[in-house]
Amino acid sequence: MARDTFRKNVEGQIALLKDGKPLEAFDRFFAADGVMYANGEVFAHGAAEGRKKQEPFINDAETVTGNIVDLIVSEETEVCAFRNRTSFVTSSGKKHQIDGVCWQFWRDGMIAEERYFDGESMQQMLRRGILSSPEKLV
């Protein structure tokens, strides 16, 4: 895939996330055979399982306020990383604040692998430089 197309796809995903449309971003950019990890553990094999696990949280949200910061893109390796500070309010009025780092490996215009870190795992990855040179951590 051309480097400018990779960047365009990453930026398209980020725009949807910032617009509070995480499921739309997922459907558009996550590969059918992609794998998701959460703090080093497999969260989902394939887009169908990943969507199924995320749907209940998103569908219960009255509002989603996308807040994606610190995006870094390595066009040579088709890797990107960003901090997700999105918040959402459930239908019962409970507010949830996300604070994590997404590290994505793209293939053929789609996310082939996503590694999400929060808590102490995120702090370790930040110290290792995930938001300055994500391609060096591969």
- Item | Proximal lysines to Lys21, defined as alpha-carbon separation beneath 27 angstrom and excluding residues fewer than eight positions away on the same chain | Lys8, Lys52, Lys53, Lys94, Lys95
- Just add up the charged neighbours of Gly93: K/R +1, D/E -1, any other residue whose Cβ is under 14 Å from the Cβ of Gly93. 0
- Relative contact order of the chain (C-alpha contacts under 8 Å, at least 6 apart) in percent is 24 percent
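Where both residues lie in region 3-137, what percent of DSSP beta bridges are antiparallel, nearest 5?
Antiparallel: roughly 85 percent of the beta bridges in region 3-137.
Computed from the coordinates by the stated procedures, all read-outs in this text should not be read as laboratory data. Quick caveat, the model's predicted, so the values are computed rather than measured. When we count neighbours, we look across all protein chains shown, and the Cβ atoms used for this are built from the backbone with ideal geometry, even at glycine.
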